[in-house]
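Quick notes on the structure that follows.
The values are calculated or read from the model by the stated rules, or taken from the named source; none is laboratory data. Predicted model, so just to flag it, every value in this text is computed and none were measured. Neighbour counts are summed over all protein chains in view; Cβ atoms, including those assigned to glycine, are modelled from backbone coordinates with ideal geometry. For accessibility, only protein heavy atoms count, side chains too; no ligands or nucleic acids. Shrake-Rupley method; radii C 1.70, N 1.55, O 1.52, S 1.80 Å.
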Amino acid sequence: DAGITQSPRHKVTETGTPVTLRCHQTENHRYMYWYRQDPGHGLRLIHYSYGVKDTDKGEVSDGYSVSRSKTEDFLLTLESATSSQTSVYFCASQGGSNQPQHFGDGTRLSIL
Amino acid sequence: GDSVTQMEGPVTLSEEAFLTINCTYTATGYPSLFWYVQYPGEGLQLLLKATKADDKGSNKGFEATYRKETTSFHLEKGSVQVSDSAVYFCALSDRTNFGNEKLTFGTGTRLTIIP
């Protein structure tokens, strides 16, 4: 399976603090994605990247920013966390347009 | 916009029972359709896909047929096992201008198989 590592796996923080989640892939995949998973909503796309320094917004991008300075790393930042951003966050990578997305094991984030 | 509607769960079946999980979609154009599976504590894994009308995707005994006339992609398995217990997500793709495909997911259906 594609080597995708998310860190941290669990995090608890307070409202108003900045939070950065990291996604690292070892497959040299071009495309990377950040999703959030919430009960009753399935997975929803936050942002995605189509190359180094190239990103675009997804369905639920408000309150989130991303950066991709290297092919292998895709960072998701919550500049000022809110309780509504409590969720499980999944990263995925994809080698080409007709290849499947490969998912990490998720980060459980709780904002108190 | 695009959307996916999945059968509400949870679904509980006995081992060796027949499984159907319904999925319908709304989309402009001609999306590819997918079923993903999520085991406890893990990320999603692609189970099967179909890229055009009347295509049948299959894997590990699961099947789904892309029905354009009914905008459906129902997941079926003839004889389920305890190891099939998981959450199943139906999804469709929307191609971007950058060559990749964004996925829109249904809400997921939790399946539990009882021995």
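Cβ separations smaller than 9 Å between residues 6+ apart or across chains give the following pairs from segment A:90-112 residues that are within 18 Å of B:Gln38 (Cβ to Cβ) to residues that are of a type in the set (Lys, Arg) and assigned to a loop (DSSP other than H, G, I, E, B): A:Ser93/A:Arg30; A:Gln94/A:Arg30; A:Asp105/A:Arg9; A:Gly106/A:Arg9; A:Thr107/A:Arg9; A:Arg108/A:Arg9. When we screen B:Lys68, B:Lys77, B:Lys60 for residues that are among the basic types (Lys, Arg) and in contact with a Phe, Trp or Tyr (Cβ under 6 Å, 6 or more places away or on another chain), the only hit is B:Lys77. When segment A:20-35 is examined, which residues are found to be within 12 Å of chain B (Cβ to nearest Cβ) and not in a strand (DSSP E or B)? If the condition is that a residue be within 12 Å of chain B (Cβ to nearest Cβ) and not in a strand (DSSP E or B), then A:His29, A:Arg30 are the ones that fit. Of the candidates A:Phe74, A:Phe90, the single residue that is in contact with a Gly (Cβ under 6 Å, 6 or more places away or on another chain), of a type in the set (Phe, Trp, Tyr) and under 12 Å from A:Tyr33 (Cα atoms) is A:Phe90. Scanning segment A:36-58 for residues that are more than 8 Å from chain B (Cβ to nearest Cβ), closer than 20 Å to B:Thr104 by Cα and touching a strand residue (DSSP E or B) at 6+ places or on another chain (Cβ under 8 Å) gives A:Arg36, A:Gln37, A:Asp38, A:Ile46, A:His47, A:Ser49, A:Thr55, A:Lys57. Number of residues in segment B:83-100 that are at the interface with another protein chain (Cβ under 8 Å from one of its Cβ atoms), part of a strand (DSSP E or B) and surrounded by fewer than 22 Cβ atoms within 10 Å (Cβ to Cβ): the value is 1.
From the list B:Ser93, B:Ser83, the one residue that fits, being of a type in the set (S, T, N, Q) and farther than 26 Å from A:Tyr50 by Cβ, is B:Ser83.
Take B:Leu103 and tell me if it is part of a strand (DSSP E or B), crowded, with 16+ Cβ neighbours inside 10 Å and at pLDDT below 95. When the stated conditions are applied, B:Leu103 passes them. Inspect segment B:46-62 for any residue being in contact (Cβ under 8 Å) with a residue 40 or more places away in the chain, part of a strand (DSSP E or B) and open to solvent by 60 Å² or more (accessible area, probe 1.4 Å) and give the result as yes or no. No - not one qualifying residue is present in segment B:46-62.
Among the residues of segment B:72-81, is any in contact with a Ser or Thr (Cβ under 8 Å, 6 or more places away or on another chain), modelled with pLDDT of 95 or more and buried (at least 20 other Cβ atoms within 10 Å of the Cβ)? Yes: segment B:72-81 contains one or more residues that are in contact with a Ser or Thr (Cβ under 8 Å, 6 or more places away or on another chain), modelled with pLDDT of 95 or more and buried (at least 20 other Cβ atoms within 10 Å of the Cβ).
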